[in-house]
Amino acid sequence: MAHPTQLGFQDAASPVMEELLHFHDHALMIVFLISTLVLYIIIAMVSTKLTNKYILDSQEIEIVWTVLPAVILVLIALPSLRILYLMDEINDPHLTIKAMGHQWYWSYEYTDYEDLGFDSYMVPTQDLTPGQFRLLETDHRMVVPMESPVRVLVSAEDVLHSWAVPSLGVKMDAVPGRLNQTAFIASRPGVFYGQCSEICGANHSFMPIVVEAVPLEHFESWSSLMLEDA
């Protein structure tokens, strides 16, 4: 999860998020080089008294500063489109979970099981145990098996919400009357935190998302225990 004074993204916990981090670094390097070149030209023009009469009206320079930005845009657009199609790819998910947004909590339904579903509320500050994070911990975590494709169907019961977990590279709007879908693969075990990313009312800041990725055998034990309790 994020920590104080952090400037970059959270550590990637899914292949898609790793690709997004690489694309971010790629685009940022291009922006850094462009900014450096522009700053150098501004300083050179301000600090020198010399004038080159061949630069004042030059077809060659016109061609260069027209073609070069087009090439740079292509270098940014191609990897961006690649990742966009990767994020839209949902092939043969091993598990499907329906996440329903409410004011102000999430409810989860494991559609591959007959009666496996629960509501996920934020744990109040006074009920936190040592090691839990304030405003981020929930009473029921969304448990998923690691290294397995998981499809998440996202919708809302009342107003607009947004189901987002930054370290998994997932963000999907929850729209009343509409069923959106996204997918992710948790590449390592861990607990990953997110929050509703759509301003949905007075308690918008108090409906966190907690995804816990565990090995498959632990997930099967957890699902069996949840079904027995139900």
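The values are calculated or read from the model by the stated rules, or taken from the named source; none is laboratory data. Please read these numbers as outputs of a predicted model, since none were measured by experiment. Cβ: placed from backbone, ideal geometry, glycine included. Neighbour counts: every protein chain shown. Ligands, DNA and RNA are excluded from the accessible area calculation, which covers all protein heavy atoms including side chains. Shrake-Rupley method; radii C 1.70, N 1.55, O 1.52, S 1.80 Å.
When Asp119 is tested against the conditions (1) closer than 24 Å to Phe9 by Cβ; (2) in a strand (DSSP E or B); (3) over 18 Å from the mean Cα position of the chain (by Cα), the lone failure is (1). Is it the case that Thr66 is assigned to a helix (DSSP H, G or I) and among the β-branched types (Val, Ile, Thr)? Considered against the rule, which asks whether it is assigned to a helix (DSSP H, G or I) and among the β-branched types (Val, Ile, Thr), Thr66 comes out as yes. The set of residues in segment 122-145 that are outside any loop (DSSP other than H, G, I, E, B), of a type outside the set (S, T, N, Q) and over 21 Å from Pro166 (Cβ atoms) contains only Asp127. All conditions but one from (1) charged (D, E, K, R); (2) open to solvent by 100 Å² or more (accessible area, probe 1.4 Å); (3) closer than 24 Å to Gly190 by Cα apply to Lys53; the one that does not is (3).
For segment 196-222, a residue qualifies if it is open to solvent by less than 60 Å² (accessible area, probe 1.4 Å) and aliphatic (A, V, I, L, M), and the qualifying residues are Met207, Ile209, Val210, Val211, Ala213, Val214.
Contact map, segment 107-136: first residue at positive phi, second residue surrounded by fewer than 17 Cβ atoms within 10 Å (Cβ to Cβ) and of a type in the set (Phe, Trp, Tyr), Cβ cut-off under 9 Å, separation 6 or more or different chains; pairs are Leu135/Phe206.
Residues checked against (1) outside any helix (DSSP H, G or I); (2) touching a helix residue (DSSP H, G or I) at 6+ places or on another chain (Cβ under 7 Å); (3) small (Gly, Ala, Ser):
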residue	(1), (2), (3)
Ser155	yes, no, yes
Phe192	yes, yes, no
Ala202	yes, no, yes
Leu225	no, no, no
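Residue-wise test of (1) in a helix (DSSP H, G or I); (2) without any contact (Cβ under 8 Å) to a residue 60 or more places away in the chain; (3) of a type outside the set (Lys, Arg).
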| site | (1), (2), (3) |
| --- | --- |
| Leu7 | no, yes, yes |
| Leu20 | yes, no, yes |
| His24 | yes, yes, yes |
| Ala27 | yes, yes, yes |
| Ile30 | yes, yes, yes |
| Ile34 | yes, yes, yes |
| Leu37 | yes, yes, yes |
| Ile42 | yes, yes, yes |
| Lys49 | no, yes, no |
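If the condition is being surrounded by fewer than 14 Cβ atoms within 10 Å (Cβ to Cβ) and either under 11 Å from the mean Cα position of the chain (by Cα) or assigned by the TED database to the domain that holds Val211 (or both), then segment 16-27 contributes no residue at all.
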